[in-house]
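Down below is the structure, laid out as structure tokens.
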Amino acid sequence: MNNLYMYKNRIKSINMISLSFYWLLLLFLNVFIIGCGSPTEPPQKNVDRNVPPSENFDASYGFWGPDGSTIYFTHSGELGSEPDVGKLDQLWEMNLKTGERRLIHTGRILNADISPDGRWFVFQSFGVPQYLYKMRSDGTELQKLTGSSSPNSDFEYTVVARWSPNEKKILFSVSAGVSRGVALMNKDGSNPRIIIPYGIHASWSSDGSKIIYVNYDTTKALGNQQQIYIANSDGSHPRRITNLKNTQFNISAPDLSPNSQKIVFVHNKELYITKVDSECVEQVTTGPGYVVRPEWNPDGKTILFSRIILNVSKRLYYLNVATREVTPVFPAAKNDNSN
């Protein structure tokens, strides 16, 4: 009888331990899987609320200087129905230590990038088809790299050029035409070639070993096919990162963190962050208009991005990666209620 009693108590204890383990497992799954949201329908984080107002200064498409002490951006000094074209999308710089702003080159300059040694810019033209140009960091020695009257007359619709970390290559995308995709050329514009067919919005890892970009997963329904991929720097061994819904023309500008562990990108007009080794994504901004050109600070702590409200404003912001706090790059004066 005593043996039977002891046996029943032992079974009960085992069941209690199993039940406790079960609930601990559910808690783990809730925190680490459910807590990060569905991979295809990420949770929203309204971090743009209560953002201090910006100075009434048009600025967008910002990017960091090589050491993070400078910010470059485009500024339109004149808006309206018939502005002076030379005053649209001018390239400017700001010294973060002094706050000094300086015009580098008149417009129109889009999607510019600076070489790691700080000596050259590469950018795309405004009109269609788009062409690539490069120039010295002081705005001199303008050179056309693609299109007619260039070394690469067969390459048109060329966009989003990015310098390689070793400064020897320029990564870009051919966005239209019979042959399109992520492409590479030498820094002087020679030997251009498509390395990832149909890819677009490509950028480098900080060590130059990987490329992050947007491409199509044709195993999915048409509206969900555009996803973020990562591949070797020569385009080999591509791997899909995201598994998002409603991505047709709604996903762009992926940028890899300096430690190559996280990706910031634009989806449905807002910023999202995901990990390279996980499909779990997190929305980190929400607000009026739409965001463009997110870029990690070289220290990995801050993301620079632009929020554009059509016909109203173009503003630059910092996102604190740890706190998700958003602050304007050009804060308004205390008595100025600009946005």
Return yes or no: is residue 258 outside any strand (DSSP E or B), under 22 Å from residue 68 (Cα atoms), modelled with pLDDT of 95 or more and not small (Gly, Ala, Ser)? yes
How many of the residues in segment 263-309 are among the small types (Gly, Ala, Ser) and touching an Asp or Glu at 6+ places or on another chain (Cβ under 8 Å)? 1
Check on residue 201, surrounded by fewer than 18 Cβ atoms within 10 Å (Cβ to Cβ) and modelled with pLDDT of 95 or more: no
Name the residues in segment 175-190 that are assigned to a loop (DSSP other than H, G, I, E, B) and polar (S, T, N, Q), would you? 175, 179, 190
Within segment 280-339, work out how many residues are of a type in the set (Val, Ile, Thr), closer than 22 Å to residue 227 by Cα and assigned to a strand (DSSP E or B). 4
Hey, among the residues in segment 82-96 that are assigned to a loop (DSSP other than H, G, I, E, B) and within 25 Å of the chain's Cα centre (by Cα), which one's farthest from residue 328 (Cα to Cα)? 88
Search segment 165-174 for residues being touching a Lys or Arg at 6+ places or on another chain (Cβ under 8 Å) and surrounded by fewer than 19 Cβ atoms within 10 Å (Cβ to Cβ), and hand back the single one that is nearest to residue 196 (Cα to Cα). 169
The one condition in (1) more than 18 Å from residue 210 (Cβ to Cβ); (2) touching a residue at least 60 places away in the same chain (Cβ under 8 Å); (3) in contact with a Phe, Trp or Tyr (Cβ under 8 Å, 6 or more places away or on another chain) that residue 298 fails to fulfil: (1)
Can you list the strands (runs of 3 or more DSSP E) found entirely within segment 104-164 that contain at least 2 residues being free of Cβ contacts under 8 Å to residues at least 24 places away in the same chain? 132-136
Here the qualifying pairs (Cβ atoms under 9 Å; residues six or more apart or on different chains; first in segment 232-258 and under 24 Å from residue 193 (Cα atoms); second charged (D, E, K, R) and not in a strand (DSSP E or B)) come out as 240/217; 240/279
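Residues checked against (1) under 30 Å from residue 300 (Cβ atoms); (2) surrounded by fewer than 18 Cβ atoms within 10 Å (Cβ to Cβ); (3) not assigned by TED's automatic domain parsing to the domain that holds residue 70:
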{"position": "119", "(1), (2), (3)": "yes, yes, no"}
{"position": "153", "(1), (2), (3)": "no, yes, no"}
{"position": "160", "(1), (2), (3)": "yes, no, no"}
{"position": "176", "(1), (2), (3)": "no, yes, no"}
{"position": "186", "(1), (2), (3)": "yes, yes, no"}
{"position": "229", "(1), (2), (3)": "yes, no, no"}
{"position": "234", "(1), (2), (3)": "yes, yes, no"}
Scan segment 205-254 residue by residue and report those that are within 23 Å of residue 111 (Cα to Cα) and β-branched (Val, Ile, Thr). 211, 212, 214, 228, 230, 247, 251
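The values are calculated or read from the model by the stated rules, or taken from the named source; none is laboratory data. Predicted model, so just to flag it, every value in this text is computed and none were measured. No Cβ is skipped: glycine too gets one built from the backbone with ideal geometry, and neighbour counts run over all protein chains shown.
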